[in-house]
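A.B. asks: Please read through the structure below; I'll follow up with questions.
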Ligand SMILES: [Cu+2]
């Protein structure tokens with residue numbers, strides 16, 4: 001009798017968990033320019049929740065240059081960034097999966 005309700009609840013819980021991961025950990029962006037020599041990457045990004053930042057194009061610093069090896073200019077990415085003592089640092093990035 002109440003099976004459809006249980007099923008619907010399960011779907012909701014899974015969807016909510018996925019949405020939360022995407023929203024709290026990663027922001028959307030598009031790589032504009034990569035500079036491995038200065039360890040900087042320019043990203044046109046959407047709102048970054050954890051930095052309380054609206055959409056804009058800006059430069060991020062990178063601690064691990066290997067992160068830049070996976071990226072290319074013009075590429076759409078999902079990324080994470082942190083404020084580390086006033087410096088905005090790209091902490092993770094991967095190619096965005098097409099919707
Ligand atoms: Cu910004």
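A.B. asks: So, in the stretch 51-69, of the ones that are out of contact with any strand residue (DSSP E or B) (no Cβ under 7 Å at 6 or more places or on another chain) and away from the ligand (no atom under 12 Å from the Cβ), which residue ends up nearest to residue 89 (Cα to Cα)?
C.D. replies: 64
A.B. asks: Filter the stretch 44-87 for residues that are farther than 15 Å from residue 32 by Cα and either over 15 Å from the mean Cα position of the chain (by Cα) or in contact (Cβ under 8 Å) with a residue 40 or more places away in the chain (or both) and give the result.
C.D. replies: Passing the criteria: 63, 64, 65, 66, 80, 81, 84, 85, 86, 87.
A.B. asks: Only one residue in 77, 43 is within 10 Å of the ligand (Cβ to nearest atom) and crowded, with 16+ Cβ neighbours inside 10 Å, so which one is that?
C.D. replies: 43
Each value in this text was obtained by applying a stated rule to the coordinates, not by laboratory testing. Quick caveat: nothing in here was measured; it's all calculated off a predicted structure. Note: ideal-geometry Cβ built from the backbone for every residue, glycine included; neighbour counts use all protein chains shown.
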